[in-house]
Amino acid sequence: MTPPYETILIEDIGRVGLIRFNRPKAFNALNSTMIAEIMDALEAYDRHPDIGAIVLTGNERAFAAGADIKEMASESAVSILQRDHISTFDRIMHIRKPVIAAVSGWCLGGGNELAMSCDMIVASESALFGQPEINLGVIPGAGGTQRLTRAIGKALAMEMVLNDRRLTAEEALRFGLINHVVPVERYLEEALALAQSIAERAPLALRFGKEAVNHAFESFLSDGLADERRAFYFCFASEDQKEGMQAFMEKRNPAWKGR
Ligand code: HXC
(Lines give C-alpha, C1' and ligand atoms only; values in the text may rest on other atoms or scores of the structure.)
Protein backbone atom coordinates (compact mmCIF):
# COMPACT_ATOMS: atom_id res chain seq x y z
CA MET A 1 0.00 0.00 0.00
CA THR A 2 1.45 3.39 -0.95
CA PRO A 3 0.08 6.94 -0.59
CA PRO A 4 -2.00 8.65 -1.81
CA TYR A 5 -4.60 6.69 0.12
CA GLU A 6 -8.27 6.42 -0.78
CA THR A 7 -9.84 7.10 2.62
CA ILE A 8 -7.23 9.00 4.67
CA LEU A 9 -4.89 11.97 4.23
CA ILE A 10 -1.40 12.11 5.69
CA GLU A 11 0.81 15.07 6.44
CA ASP A 12 4.20 15.44 8.17
CA ILE A 13 4.22 18.39 10.59
CA GLY A 14 7.67 18.76 12.14
CA ARG A 15 8.35 15.47 13.95
CA VAL A 16 4.64 14.55 14.00
CA GLY A 17 2.88 12.35 11.48
CA LEU A 18 -0.76 13.41 11.06
CA ILE A 19 -3.32 10.90 9.77
CA ARG A 20 -6.75 12.36 8.92
CA PHE A 21 -9.77 10.18 8.22
CA ASN A 22 -11.44 11.28 5.02
CA ARG A 23 -14.92 9.79 4.59
CA PRO A 24 -16.82 12.89 5.75
CA LYS A 25 -20.14 11.91 4.14
CA ALA A 26 -20.29 8.73 6.22
CA PHE A 27 -19.04 10.46 9.38
CA ASN A 28 -15.75 8.61 8.83
CA ALA A 29 -17.37 5.19 9.29
CA LEU A 30 -14.51 2.71 9.30
CA ASN A 31 -14.74 0.40 6.30
CA SER A 32 -12.12 -2.28 5.72
CA THR A 33 -10.14 -0.15 3.26
CA MET A 34 -9.97 2.67 5.76
CA ILE A 35 -8.89 0.43 8.64
CA ALA A 36 -6.17 -1.10 6.46
CA GLU A 37 -5.00 2.32 5.27
CA ILE A 38 -4.88 3.73 8.81
CA MET A 39 -2.78 0.79 9.97
CA ASP A 40 -0.52 1.05 6.93
CA ALA A 41 0.07 4.77 7.54
CA LEU A 42 0.69 4.16 11.26
CA GLU A 43 3.29 1.51 10.44
CA ALA A 44 4.96 3.75 7.84
CA TYR A 45 5.24 6.56 10.40
CA ASP A 46 6.49 4.10 13.01
CA ARG A 47 9.38 3.25 10.65
CA HIS A 48 10.02 6.88 9.60
CA PRO A 49 13.28 8.12 11.19
CA ASP A 50 12.20 11.78 11.36
CA ILE A 51 8.81 11.16 12.98
CA GLY A 52 8.59 10.89 16.78
CA ALA A 53 4.83 10.75 17.41
CA ILE A 54 1.61 10.26 15.47
CA VAL A 55 -1.79 11.99 15.61
CA LEU A 56 -4.98 10.32 14.37
CA THR A 57 -7.91 12.60 13.67
CA GLY A 58 -11.22 12.92 11.82
CA ASN A 59 -12.94 16.26 11.33
CA GLU A 60 -14.89 18.63 13.59
CA ARG A 61 -18.15 16.70 13.20
CA ALA A 62 -16.84 13.17 13.57
CA PHE A 63 -13.76 11.32 14.66
CA ALA A 64 -15.52 8.17 13.42
CA ALA A 65 -19.13 6.99 13.79
CA GLY A 66 -18.12 3.34 14.12
CA ALA A 67 -17.43 0.45 11.83
CA ASP A 68 -19.18 0.75 8.46
CA ILE A 69 -22.62 -0.76 9.10
CA LYS A 70 -23.41 -0.95 5.38
CA GLU A 71 -20.34 -3.11 4.85
CA MET A 72 -21.20 -5.39 7.79
CA ALA A 73 -24.98 -5.70 7.52
CA SER A 74 -25.12 -8.80 5.33
CA GLU A 75 -22.32 -10.74 7.03
CA SER A 76 -23.03 -14.14 8.54
CA ALA A 77 -21.24 -15.36 11.66
CA VAL A 78 -19.07 -17.59 9.47
CA SER A 79 -18.25 -14.97 6.81
CA ILE A 80 -17.34 -12.28 9.33
CA LEU A 81 -15.21 -14.71 11.30
CA GLN A 82 -13.41 -15.87 8.15
CA ARG A 83 -12.82 -12.32 6.97
CA ASP A 84 -11.72 -11.41 10.52
CA HIS A 85 -11.28 -7.76 9.61
CA ILE A 86 -11.09 -6.78 13.26
CA SER A 87 -7.68 -8.43 13.51
CA THR A 88 -6.45 -5.51 11.36
CA PHE A 89 -7.23 -3.29 14.37
CA ASP A 90 -4.66 -5.20 16.42
CA ARG A 91 -1.82 -3.77 14.31
CA ILE A 92 -2.13 -0.53 16.28
CA MET A 93 -1.01 -2.42 19.39
CA HIS A 94 2.41 -2.96 17.79
CA ILE A 95 3.10 0.70 16.98
CA ARG A 96 6.11 1.71 19.09
CA LYS A 97 5.82 5.49 18.81
CA PRO A 98 3.22 7.39 20.85
CA VAL A 99 -0.13 7.77 19.09
CA ILE A 100 -2.57 10.53 20.08
CA ALA A 101 -6.21 10.65 19.00
CA ALA A 102 -7.56 14.16 18.33
CA VAL A 103 -11.32 13.68 18.69
CA SER A 104 -14.19 16.00 17.82
CA GLY A 105 -17.88 15.18 17.28
CA TRP A 106 -19.00 11.57 17.03
CA CYS A 107 -16.65 9.00 18.50
CA LEU A 108 -18.81 5.89 18.44
CA GLY A 109 -18.48 2.11 18.30
CA GLY A 110 -15.35 1.13 16.38
CA GLY A 111 -14.40 4.83 16.34
CA ASN A 112 -14.28 4.90 20.13
CA GLU A 113 -12.45 1.58 20.10
CA LEU A 114 -9.86 3.06 17.75
CA ALA A 115 -9.49 6.18 19.93
CA MET A 116 -9.08 3.99 23.02
CA SER A 117 -6.37 1.99 21.22
CA CYS A 118 -4.32 5.19 21.00
CA ASP A 119 -2.04 6.19 23.87
CA MET A 120 -3.77 9.49 24.67
CA ILE A 121 -6.92 11.32 23.64
CA VAL A 122 -7.32 15.07 23.19
CA ALA A 123 -10.96 16.01 22.64
CA SER A 124 -12.88 19.04 21.52
CA GLU A 125 -15.78 20.26 23.68
CA SER A 126 -18.19 18.79 21.11
CA ALA A 127 -16.84 15.23 21.30
CA LEU A 128 -19.33 12.48 22.22
CA PHE A 129 -18.07 9.04 23.16
CA GLY A 130 -20.25 5.95 22.96
CA GLN A 131 -20.57 2.24 22.26
CA PRO A 132 -24.00 2.12 20.56
CA GLU A 133 -23.66 -1.41 19.14
CA ILE A 134 -26.57 -2.57 21.33
CA ASN A 135 -28.87 -0.57 19.00
CA LEU A 136 -27.77 -2.82 16.14
CA GLY A 137 -28.24 -6.09 17.99
CA VAL A 138 -24.50 -6.67 18.49
CA ILE A 139 -21.78 -5.82 21.01
CA PRO A 140 -18.47 -3.94 20.64
CA GLY A 141 -15.97 -6.11 18.77
CA ALA A 142 -12.63 -4.28 18.76
CA GLY A 143 -11.83 -3.83 22.43
CA GLY A 144 -14.81 -1.73 23.52
CA THR A 145 -15.88 -3.92 26.40
CA GLN A 146 -12.29 -4.46 27.54
CA ARG A 147 -10.52 -1.11 27.19
CA LEU A 148 -13.56 0.93 28.24
CA THR A 149 -14.03 -1.08 31.43
CA ARG A 150 -10.37 -0.73 32.33
CA ALA A 151 -10.41 3.00 31.61
CA ILE A 152 -13.65 4.11 33.30
CA GLY A 153 -14.68 1.18 35.52
CA LYS A 154 -17.43 -1.39 35.43
CA ALA A 155 -20.46 0.69 36.44
CA LEU A 156 -20.24 3.23 33.66
CA ALA A 157 -18.92 0.77 31.08
CA MET A 158 -22.00 -1.41 31.70
CA GLU A 159 -24.28 1.55 31.13
CA MET A 160 -22.48 2.50 27.92
CA VAL A 161 -22.41 -1.03 26.49
CA LEU A 162 -25.88 -2.12 27.64
CA ASN A 163 -27.84 1.13 27.35
CA ASP A 164 -25.98 3.32 24.85
CA ARG A 165 -25.03 5.87 27.50
CA ARG A 166 -22.86 8.48 25.77
CA LEU A 167 -20.18 10.58 27.45
CA THR A 168 -19.61 14.24 26.76
CA ALA A 169 -16.00 15.37 26.54
CA GLU A 170 -16.21 16.81 30.08
CA GLU A 171 -17.56 13.51 31.44
CA ALA A 172 -14.94 11.52 29.54
CA LEU A 173 -12.27 13.70 31.13
CA ARG A 174 -13.76 13.32 34.59
CA PHE A 175 -13.98 9.53 34.27
CA GLY A 176 -10.43 9.12 32.98
CA LEU A 177 -11.11 8.16 29.38
CA ILE A 178 -9.31 11.15 27.86
CA ASN A 179 -6.45 13.54 28.59
CA HIS A 180 -7.69 17.04 27.67
CA VAL A 181 -10.79 18.93 26.56
CA VAL A 182 -10.25 22.05 24.47
CA PRO A 183 -12.45 24.36 22.40
CA VAL A 184 -13.37 22.99 18.97
CA GLU A 185 -11.20 25.54 17.15
CA ARG A 186 -8.09 24.33 18.98
CA TYR A 187 -8.40 20.58 19.52
CA LEU A 188 -6.18 19.57 16.62
CA GLU A 189 -3.64 22.26 17.35
CA GLU A 190 -3.46 21.09 21.00
CA ALA A 191 -3.10 17.45 20.00
CA LEU A 192 -0.32 18.37 17.57
CA ALA A 193 1.43 20.45 20.24
CA LEU A 194 1.25 17.56 22.71
CA ALA A 195 2.54 15.16 20.05
CA GLN A 196 5.36 17.57 19.12
CA SER A 197 6.40 17.91 22.76
CA ILE A 198 6.49 14.12 23.15
CA ALA A 199 8.23 13.62 19.80
CA GLU A 200 11.18 15.69 20.96
CA ARG A 201 11.86 13.38 23.91
CA ALA A 202 14.23 10.40 24.16
CA PRO A 203 13.05 7.91 21.56
CA LEU A 204 14.13 4.75 23.36
CA ALA A 205 12.70 5.88 26.69
CA LEU A 206 9.48 6.79 24.92
CA ARG A 207 9.32 3.34 23.45
CA PHE A 208 9.98 1.59 26.77
CA GLY A 209 7.71 3.94 28.70
CA LYS A 210 4.85 3.24 26.32
CA GLU A 211 5.48 -0.49 26.47
CA ALA A 212 5.56 -0.48 30.27
CA VAL A 213 2.35 1.52 30.72
CA ASN A 214 0.64 -0.71 28.20
CA HIS A 215 1.86 -3.77 30.03
CA ALA A 216 0.19 -2.60 33.23
CA PHE A 217 -2.98 -1.85 31.33
CA GLU A 218 -3.10 -4.90 29.11
CA SER A 219 -2.40 -7.92 31.28
CA PHE A 220 -5.04 -10.48 30.39
CA LEU A 221 -6.43 -8.14 27.75
CA SER A 222 -5.67 -10.59 24.95
CA ASP A 223 -7.89 -13.20 26.62
CA GLY A 224 -10.64 -10.63 26.95
CA LEU A 225 -10.27 -9.53 23.35
CA ALA A 226 -10.47 -13.08 22.04
CA ASP A 227 -13.64 -13.74 24.03
CA GLU A 228 -15.16 -10.45 22.97
CA ARG A 229 -14.39 -11.08 19.29
CA ARG A 230 -15.97 -14.52 19.29
CA ALA A 231 -19.08 -13.07 20.89
CA PHE A 232 -19.20 -10.19 18.39
CA TYR A 233 -18.99 -12.60 15.46
CA PHE A 234 -21.61 -14.82 17.05
CA CYS A 235 -24.06 -11.88 17.02
CA PHE A 236 -24.07 -12.23 13.25
CA ALA A 237 -25.85 -15.56 13.65
CA SER A 238 -28.85 -13.72 15.11
CA GLU A 239 -31.95 -12.32 13.44
CA ASP A 240 -31.60 -9.25 15.62
CA GLN A 241 -28.27 -8.30 14.02
CA LYS A 242 -29.88 -8.48 10.57
CA GLU A 243 -32.86 -6.49 11.79
CA GLY A 244 -30.75 -3.90 13.63
CA MET A 245 -28.49 -3.13 10.70
CA GLN A 246 -31.32 -3.25 8.16
CA ALA A 247 -33.38 -0.87 10.29
CA PHE A 248 -30.44 1.52 10.49
CA MET A 249 -30.17 1.61 6.70
CA GLU A 250 -33.93 2.04 6.29
CA LYS A 251 -33.88 4.81 8.91
CA ARG A 252 -36.52 3.16 11.14
CA ASN A 253 -36.63 1.70 14.64
CA PRO A 254 -35.66 -1.98 14.86
CA ALA A 255 -38.15 -4.60 16.06
CA TRP A 256 -36.17 -6.94 18.34
CA LYS A 257 -37.03 -10.64 18.57
CA GLY A 258 -34.37 -11.83 20.95
CA ARG A 259 -33.15 -14.55 18.60
C1 HXC B 1 -22.19 3.37 7.84
C2 HXC B 1 -22.86 5.43 8.54
C3 HXC B 1 -22.45 5.15 9.86
C4 HXC B 1 -21.87 3.88 10.11
C5 HXC B 1 -23.27 7.14 9.83
N6 HXC B 1 -23.35 6.67 8.58
N7 HXC B 1 -22.72 6.22 10.63
N8 HXC B 1 -22.73 4.54 7.55
N9 HXC B 1 -21.77 3.02 9.05
N10 HXC B 1 -21.40 3.52 11.30
C11 HXC B 1 -23.89 7.35 7.40
C12 HXC B 1 -25.41 7.31 7.38
O13 HXC B 1 -25.88 6.08 6.87
C14 HXC B 1 -25.70 8.47 6.48
O15 HXC B 1 -25.48 8.09 5.14
C16 HXC B 1 -24.61 9.48 6.84
O17 HXC B 1 -23.56 8.73 7.45
C18 HXC B 1 -25.09 10.51 7.82
O19 HXC B 1 -25.68 9.85 8.93
P20 HXC B 1 -27.12 10.20 9.50
O21 HXC B 1 -27.55 9.05 10.34
O22 HXC B 1 -28.03 10.65 8.42
O23 HXC B 1 -26.75 11.48 10.42
P24 HXC B 1 -27.35 11.92 11.83
O25 HXC B 1 -28.83 11.79 11.86
O26 HXC B 1 -26.72 13.25 12.12
O27 HXC B 1 -26.77 10.85 12.89
C28 HXC B 1 -25.41 10.70 13.11
C29 HXC B 1 -25.12 9.40 13.92
C30 HXC B 1 -25.82 8.21 13.22
C31 HXC B 1 -25.66 9.54 15.32
C32 HXC B 1 -23.60 9.24 13.96
O33 HXC B 1 -25.42 8.18 11.84
C34 HXC B 1 -25.51 6.89 13.82
O35 HXC B 1 -26.10 6.52 14.83
N36 HXC B 1 -24.60 6.14 13.20
C37 HXC B 1 -24.33 4.79 13.60
C38 HXC B 1 -23.50 4.76 14.84
C39 HXC B 1 -23.22 3.33 15.27
O40 HXC B 1 -24.16 2.56 15.50
N41 HXC B 1 -21.95 2.96 15.37
C42 HXC B 1 -21.55 1.63 15.74
C43 HXC B 1 -21.39 0.79 14.48
S44 HXC B 1 -21.05 -0.89 14.85
P45 HXC B 1 -26.65 8.25 4.03
O46 HXC B 1 -26.02 7.66 2.81
O47 HXC B 1 -27.83 7.50 4.55
O48 HXC B 1 -26.88 9.73 3.96
C49 HXC B 1 -19.44 -0.90 15.30
C50 HXC B 1 -18.90 -2.25 15.68
C51 HXC B 1 -17.41 -2.20 15.78
O52 HXC B 1 -18.76 0.09 15.29
C53 HXC B 1 -16.86 -3.59 15.68
C54 HXC B 1 -15.37 -3.60 15.51
C55 HXC B 1 -14.86 -3.06 14.25
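The values are calculated or read from the model by the stated rules, or taken from the named source; none is laboratory data. Quick caveat, the model's predicted, so the values are computed rather than measured. Cβ atoms come from the backbone with ideal geometry, glycine included; neighbour counts cover every protein chain shown. Keep in mind that these areas ignore ligands, DNA and RNA; they rest on the heavy atoms of the full protein, side chains included. Shrake-Rupley method; radii C 1.70, N 1.55, O 1.52, S 1.80 Å.
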Can you pull the one-decimal nm distance between simple spin-label points at M249 and V78, each 7 Å off the Cα toward Cβ? 2.1
When ligands, DNA and RNA are left out and all protein chains stay put, how many square angstrom of accessible area per residue does segment 134-259 have with a 1.4 Å probe? 56
Taking only the alpha carbons of segment 172-259, what extent do you get along each of the three principal axes, in Å, biggest first? 55, 37, 22
When the helix-only estimate is applied to the chain (DSSP H runs of n ≥ 4, each -39,500 (n - 2.57), divided by the residue count), what is the mean residue ellipticity at 222 nm, nearest 500 deg cm²/dmol? -13000 deg cm²/dmol
Answer rounded, prolate or oblate for segment 1-132, using the Cα gyration tensor with square roots of eigenvalues a ≥ b ≥ c: rounded when a/c is under 1.5, else prolate when a/b is larger than b/c, else oblate. oblate
Area of K154 that stays accessible when all protein chains are in place (1.4 Å probe, Å², to 10): 140
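For the chain, how big is the tail of P(r) above 23 Å, as a whole percent of Cα pairs?
Numbers: 16403 of 33411 pairs.
Counting every Cα pair in the chain, those more than 23 Å apart make up 49 percent.
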For segment 35-118 the chymotrypsin sites (Phe, Trp or Tyr not before Pro) that pass both the DSSP coil test and the at-most-12 other-Cβ-within-10 Å test are none
Carbon + sulfur, % of accessible area of the chain - ligands and nucleic acids excluded, 1.4 Å: 56
Over segment 81-207, how many percent of alpha carbon pairs lie in each 5 Å bin up to the one with the longest distance? 2, 11, 19, 22, 19, 15, 8, 3, 1, 0
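Calculate, for segment 1-105, the solvent-accessible area per residue in square angstrom, rolling a 1.4 angstrom probe over the heavy atoms of the protein chains. Working shown, then result.
Working: 4510 Å² over 105 residues.
About 43 Å² of surface per residue is accessible.
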